Every structure is written in structure tokens, then in C-alpha cells.
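The block underneath contains the structure these notes are about, expressed in C-alpha cells.
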Amino acid sequence: MTRTSARSRSTVRAIALSALVLGLAAGCGADSGSDEAPAVEGPGASEQEDDGAADDDTATADDTASDDGASDDGASDDGAASDDGGAAPLAGAAALPEDADLATEQLPITAEKAVEIGLGAAGGGELVQIEIDHDDDVWEWELEIVDGGRQHDLDIDATSGEVTEHDQDDDDDQDPAVDVTSPMPYAEAIEIALGKEPGRVSGWDLSSDDGRIHYTIDIDRSSGGDVEVEVDVETGEVRVDD
């Protein structure tokens, strides 16, 4: 009986030890499989992340280029609109006050621009007289243009460029054509007149008298009163008319 019991206990221990060995072996196999999985996934995941980052960078660069392009196009369009506008923006230009000095302040519509507008309205021709003065609370250009046997009298707002009046009639006169830029620009005529009679230039005109082309500069004297100074465009001769 004693030998049988001892033999049985030895058998049980042998079986338990075998089970323990098998369990440890199974546990090591499981750990080994777990360790291999990250080793396989690591490089692949890294490559995918790198590719994704590259795509994001490309998209960002494209988006930026697109945005910049749109911005540049907008600026270009604005510039073109401004250039094509011509005299249109002058509709909102600030008018000079009634007591403005035309020797030091420039009207929104210059003499050259007024002539351009007048010739366009008349359909061509030659300028034979031009005058600027302040009338009915506005600065206004008055032009006389002859086209063949037709005379055009035009009033042009010196602030907006609008043709406010346009009368036509037959013309039998042979007045010579005048030019506000040659042979004597109006700025030079004003300077000559002020050298003779200092004061504020309140207006001027360019016309002809017996074939002699001259400027007439209206000056408000600093000492009071006003005077007209004629300046011959060919000789620069000055005449003062009190």
C-alpha cells in the first residue's frame, strides 16, 4: 500500500510538470507572434505617413498658388478698369472753390482734356476759341469749334467733363485755329501775365483778334480790383487792359 501511494504521487507530479512545460511553451509562442506583428507593420505605416504628408504639402502649395493667382488677376482687372475709365472717374472729382487761383490750382478737366471732349462732341473740326471762368456756381469751359462751314459752341463742366450745352450754327468767319499747347502753352502765358500784374488768376481765354492770336488772363489784383492782361502767343508781347 505504501509503495503504491508513493508511485501514484510520482506519476501526478510528472503529469503536472509536463503541463507546466507545455503551458510555458505556448506562452512563448504567443509572445513571439505578438512581437513580429509590429515589426511587419512599422515600415509600411511609416511610408504611408510620409506619402500622406507629401500629398498634404503638394495640396497646400497648389492652393497657395491658386490663391495668389486669383489675387494677381484681381489687381490686374482693377488696373485695366481704371485705365479704361478715361474721364469717368472725374464724375466724383472735387470742384475747385469759386476763389481758386488758376495759376496754382488745376481744374479736374484741364484745357487739353476740354478740347478733346469738345472735338469729340462736335465730330471733329478746329478749335478757334477757348475760355475758362466761374459761372452759375461752376467752373466751366466754353469752346468754339469750326468744322467746315459749321460752328459748334460748347459748354463743358470743368469738374465732371459733362457737355452741358452744344449749339450749332452756320459759320462764315475765317478765324485762325488756336492751340493751348503751341506755340505758347497757357501756363507760360499765365506766368508772363503775373510778371506784369501780380494777383489771383480768376480765368483766361485764348482767341484771335484781326488774325493775332493771344491769351487774355483775368487777374484779381492783390491791392484790389481786377485787370485783363493780353499775351501774344507769337511775340510774348504784353498788353494791360484796366
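Could you tell me whether any residue of region 196-211 is open to solvent by 30 Å² or more (accessible area, probe 1.4 Å), in a strand (DSSP E or B), more than 26 Å from Pro97 (Cα to Cα) and modelled with pLDDT under 95? Within region 196-211, one or more residues are open to solvent by 30 Å² or more (accessible area, probe 1.4 Å), in a strand (DSSP E or B), more than 26 Å from Pro97 (Cα to Cα) and modelled with pLDDT under 95.
Scanning region 147-165 for residues that are open to solvent by less than 50 Å² (accessible area, probe 1.4 Å), over 27 Å from the mean Cα position of the chain (by Cα) and modelled with pLDDT of 95 or more yields Gln151, His152, Leu154, Asp155. Would you please name the residue that is farthest from Glu98 (Cα to Cα), looking only at residues in region 212-224 that are open to solvent by 50 Å² or more (accessible area, probe 1.4 Å) and more than 43 Å from the chain's Cα centre (by Cα)? Within region 212-224, the match that is farthest from Glu98 (Cα to Cα) is Arg212.
Let's see how each residue does on (1) under 23 Å from Glu126 (Cα atoms); (2) hydrophobic (A, V, I, L, M, F, W, C); (3) touching a Pro at 6+ places or on another chain (Cβ under 6 Å):
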| position | (1), (2), (3) |
| --- | --- |
| Leu143 | yes, yes, no |
| Asp179 | yes, no, no |
| Pro185 | yes, no, no |
| Arg200 | no, no, no |
| Leu206 | yes, yes, no |
| His214 | yes, no, no |
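Annotation: Pro185 fulfils all but one of (1) in contact with a Ser or Thr (Cβ under 6 Å, 6 or more places away or on another chain); (2) open to solvent by 40 Å² or more (accessible area, probe 1.4 Å); the unmet one is (1). Selection within region 89-103: residues that are in contact (Cβ under 8 Å) with a residue 24 or more places away in the chain and assigned to a helix (DSSP H, G or I). The member of this set that is most open to solvent (accessible area, probe 1.4 Å) is Ala91.
Applying a threshold of 8 Å to beta carbon distances and a minimum spacing of six or more residues, or different chains, the list of pairs starting in region 138-167 at a residue that is on the phi > 0 side of the Ramachandran plot and ending at one that is open to solvent by 60 Å² or more (accessible area, probe 1.4 Å) reads Gly161/Ala91. Using the structure shown, decide if Val180 is closer than 19 Å to His134 by Cβ, within 35 Å of the chain's Cα centre (by Cα) and open to solvent by less than 50 Å² (accessible area, probe 1.4 Å). Against the criterion (closer than 19 Å to His134 by Cβ, within 35 Å of the chain's Cα centre (by Cα) and open to solvent by less than 50 Å² (accessible area, probe 1.4 Å)), Val180 qualifies. Across region 161-172, not a single residue is classified as within 21 Å of Glu98 (Cα to Cα), hydroxyl-bearing (Ser, Thr, Tyr) and touching a Pro at 6+ places or on another chain (Cβ under 6 Å). Is region 104-118 home to any residue that is small (Gly, Ala, Ser), surrounded by fewer than 20 Cβ atoms within 10 Å (Cβ to Cβ) and either more than 15 Å from Ala177 (Cα to Cα) or in contact with a Leu (Cβ under 7 Å, 6 or more places away or on another chain) (or both)? There is no residue in region 104-118 that is small (Gly, Ala, Ser), surrounded by fewer than 20 Cβ atoms within 10 Å (Cβ to Cβ) and either more than 15 Å from Ala177 (Cα to Cα) or in contact with a Leu (Cβ under 7 Å, 6 or more places away or on another chain) (or both).
The values are calculated or read from the model by the stated rules, or taken from the named source; none is laboratory data. Since this is a predicted model, take the numbers as computed values, not measurements. Every residue, glycine among them, receives a Cβ derived from its backbone with ideal geometry; neighbour counts consider all protein chains shown. Just the protein is used for accessible areas: all its heavy atoms, side chains included, with ligands, DNA and RNA removed. Shrake-Rupley method; radii C 1.70, N 1.55, O 1.52, S 1.80 Å.
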